[in-house]
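K.L.:
I'd like to ask you about the structure that follows.
The values are calculated or read from the model by the stated rules, or taken from the named source; none is laboratory data. Everything numeric here is computed off the predicted structure, so don't read it as measured data. All Cβ positions, even for glycine, are placed from backbone atoms using ideal geometry, and neighbour counts span all protein chains on display.
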């Protein structure tokens with residue numbers, strides 16, 4: 001398992017390349033290929049169904065949940081965040097047909113995790129900064145992480161207003177949910193499959209929290 005930390009914009013992004021995930025990826029993709037209703041509406045309504053409900057009957061989902069939890073813990077540790085008492089988890093998919101793309105968006109959560117089960121073949125390194133890169137070179141199903149600072153792309157002192165992530169099977173990312181991101185058109189003749197997790201952190205209740213009104 002290869003773990004890499006990045007601080008873009010600056011925003012901490014963690015990538016984890018899990019080894020020997022072929023069997024897992026096959027199971028995750030076949031689950032969606034055989035049950036297309038599971039990814040219905042997820043591109044626009046990620047909370048339509050929490051696929052973690054399948055963890056008790058689908059071992060691949062249970063394994064994916066453990067991997068996401070590991071990645072989130074690594075992110076919190078890298079940021080020095082302590083005191084979290086738990087997490088609310090929402091698992092959903094992004095299954096892209098040829099020509100599909102995802103518009104710029106962020107998530108209503110604290111952290112976002114993305115795991116790639118089926119992607120185009122990429123020869124580039126997983127992370128490519130904008131040094132010498134063309135924003136308009138869309139690639140194939142490339143994840144774009146956008147600088148969250150207002151109008152950052154309008155200042156000459158900012159040379160990195162976006163970062164490109166070239167997915168490959170077994171790669172997982174974790175980053176703050178406020179970070180705007182998008183996916184360029186998928187050019188392959190197959191369904192590109194990614195699984196996403198929204199993490200909402202739980203904190204200890206304060207002494208004045210949830211007090212009834214007099």
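K.L.:
Go through (1) buried (at least 16 other Cβ atoms within 10 Å of the Cβ); (2) over 18 Å from the mean Cα position of the chain (by Cα); (3) modelled with pLDDT of 95 or more one by one and return the number of the condition residue 26 breaks.
P.N.:
(1)
K.L.:
Sticking with this one: Here is a check on your reading of the model: is residue 190 on the phi > 0 side of the Ramachandran plot, surrounded by fewer than 16 Cβ atoms within 10 Å (Cβ to Cβ) and either modelled with pLDDT of 90 or more or in a loop (DSSP other than H, G, I, E, B) (or both)?
P.N.:
no
K.L.:
Right, next: State the number of residues belonging to segment 76-101 that are without any contact (Cβ under 8 Å) to a residue 60 or more places away in the chain and touching a helix residue (DSSP H, G or I) at 6+ places or on another chain (Cβ under 7 Å).
P.N.:
0
K.L.:
Output yes when any residue across segment 67-80 is part of a loop (DSSP other than H, G, I, E, B) and at pLDDT 90 or above, and no when none is.
P.N.:
The answer is yes, given that some residue of segment 67-80 is part of a loop (DSSP other than H, G, I, E, B) and at pLDDT 90 or above.
K.L.:
What's the total number of residues in segment 100-157 that are in a loop (DSSP other than H, G, I, E, B), under 27 Å from residue 87 (Cβ atoms) and at pLDDT 90 or above?
P.N.:
6
K.L.:
Which condition number in (1) farther than 20 Å from residue 198 by Cα; (2) part of a strand (DSSP E or B) is the one that residue 13 fails?
P.N.:
(1)
K.L.:
Ok, one more. Considering only segment 175-184, I want to know if a residue exists there that is within 24 Å of residue 60 (Cα to Cα) and at pLDDT 80 or above.
P.N.:
yes
K.L.:
Going by the conditions given, is residue 123 under 25 Å from residue 25 (Cα atoms) and out of contact with any strand residue (DSSP E or B) (no Cβ under 8 Å at 6 or more places or on another chain)?
P.N.:
Details: under 25 Å from residue 25 (Cα atoms): yes; out of contact with any strand residue (DSSP E or B) (no Cβ under 8 Å at 6 or more places or on another chain): yes.
Considered against the rule, which asks whether it is under 25 Å from residue 25 (Cα atoms) and out of contact with any strand residue (DSSP E or B) (no Cβ under 8 Å at 6 or more places or on another chain), residue 123 comes out as yes.
K.L.:
Can we say residue 52 is closer than 24 Å to residue 5 by Cβ and either modelled with pLDDT under 95 or assigned to a strand (DSSP E or B) (or both)? Steps first, please.
P.N.:
Working: closer than 24 Å to residue 5 by Cβ: no; either modelled with pLDDT under 95 or assigned to a strand (DSSP E or B) (or both): yes.
Answer is no for this residue.
K.L.:
Among the residues in segment 163-172, are any out of contact with any helix residue (DSSP H, G or I) (no Cβ under 6 Å at 6 or more places or on another chain), over 21 Å from residue 100 (Cα atoms) and modelled with pLDDT under 90?
P.N.:
No, there is no match, as no residue in segment 163-172 is out of contact with any helix residue (DSSP H, G or I) (no Cβ under 6 Å at 6 or more places or on another chain), over 21 Å from residue 100 (Cα atoms) and modelled with pLDDT under 90.
This table checks each residue for (1) within 14 Å of residue 94 (Cα to Cα); (2) touching a helix residue (DSSP H, G or I) at 6+ places or on another chain (Cβ under 7 Å); (3) free of Cβ contacts under 8 Å to residues at least 24 places away in the same chain.
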position: 3; (1), (2), (3): no, yes, no
position: 8; (1), (2), (3): no, no, no
position: 13; (1), (2), (3): no, no, no
position: 17; (1), (2), (3): no, no, no
position: 23; (1), (2), (3): no, no, yes
position: 28; (1), (2), (3): yes, yes, no
position: 34; (1), (2), (3): no, no, yes
